[in-house]
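For reference, the structure discussed in these notes is given below.
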Ligand SMILES: [Zn+2]
């Protein structure tokens, strides 16, 4: 794909389960955002250089809004069906992102802030599952709450959280991308930097 390329060092690994794209959701707008944190988080997200920087922001915004935290997560990239954004196999430390889909978004939008917002929304959703929030409706609600409180109601992430991340794909004809061959699953190295003291 052409377009901006997020730079991620990777190597090969194994496979697991999956999660469909969450449907559109309607959530009440009844909370305020702190303008200074919205600016700070917003510029950090716009400028994030890769998965680990977006991930730091996912963890920071969740800790700041919900007071919840989990370290030692691992990120894998795989070419999945285009109706899947990402998944978290319950009982593991793993999140798997759909590499093919992210590359399509990169190629179609050529916008780092939009790609980063898309990745943030997908990672945030799976992180909330990993924190023990299982029901989809609860997770969708929390994704919106965290996004709105951290970035503001009109931010790209809040709009994506409200309409569903798939809304970003509305104008992209996905059919033309379905024929590419599947590559091996990869692990993103140094994804969760808080895990660096652990020996695997
Ligand atoms: Zn989910």
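If you go through region 89-100 and keep only what is away from the ligand (no atom under 14 Å from the Cβ) and out of contact with any strand residue (DSSP E or B) (no Cβ under 8 Å at 6 or more places or on another chain), you end up with 91, 92, 100.
For region 121-151, residues that are more than 12 Å from the ligand (Cβ to nearest atom) and free of Cβ contacts under 8 Å to residues at least 12 places away in the same chain total 1. The single condition from (1) more than 13 Å from the ligand (Cβ to nearest atom); (2) over 18 Å from residue 191 (Cα atoms); (3) in contact with a helix residue (DSSP H, G or I) (Cβ under 8 Å, 6 or more places away or on another chain) that residue 103 fails is (3).
In region 160-179, the qualifying residues are those that are part of a loop (DSSP other than H, G, I, E, B) and more than 19 Å from residue 110 (Cβ to Cβ), and the one that is farthest from the ligand (Cβ to nearest atom) is 179. Restricting to region 69-88, give me the number of residues that are closer than 16 Å to residue 191 by Cβ, away from the ligand (no atom under 12 Å from the Cβ) and buried (at least 18 other Cβ atoms within 10 Å of the Cβ). Looking only at that region, the number is 5.
A count restricted to region 100-118 and to residues that are more than 18 Å from residue 174 (Cα to Cα) and buried (at least 24 other Cβ atoms within 10 Å of the Cβ) stands at 2. All conditions but one from (1) within 24 Å of residue 141 (Cβ to Cβ); (2) at pLDDT below 50; (3) within 16 Å of the ligand (Cβ to nearest atom) apply to residue 16; the one that does not is (1).
Residues that are in a helix (DSSP H, G or I), under 15 Å from residue 143 (Cβ atoms) and over 11 Å from the mean Cα position of the chain (by Cα) do occur in region 42-58, at least one of them.
The values are calculated or read from the model by the stated rules, or taken from the named source; none is laboratory data. Being a predicted model, the structure only gives us computed values, none of them experimental. Neighbour counts are summed over all protein chains in view; Cβ atoms, including those assigned to glycine, are modelled from backbone coordinates with ideal geometry.
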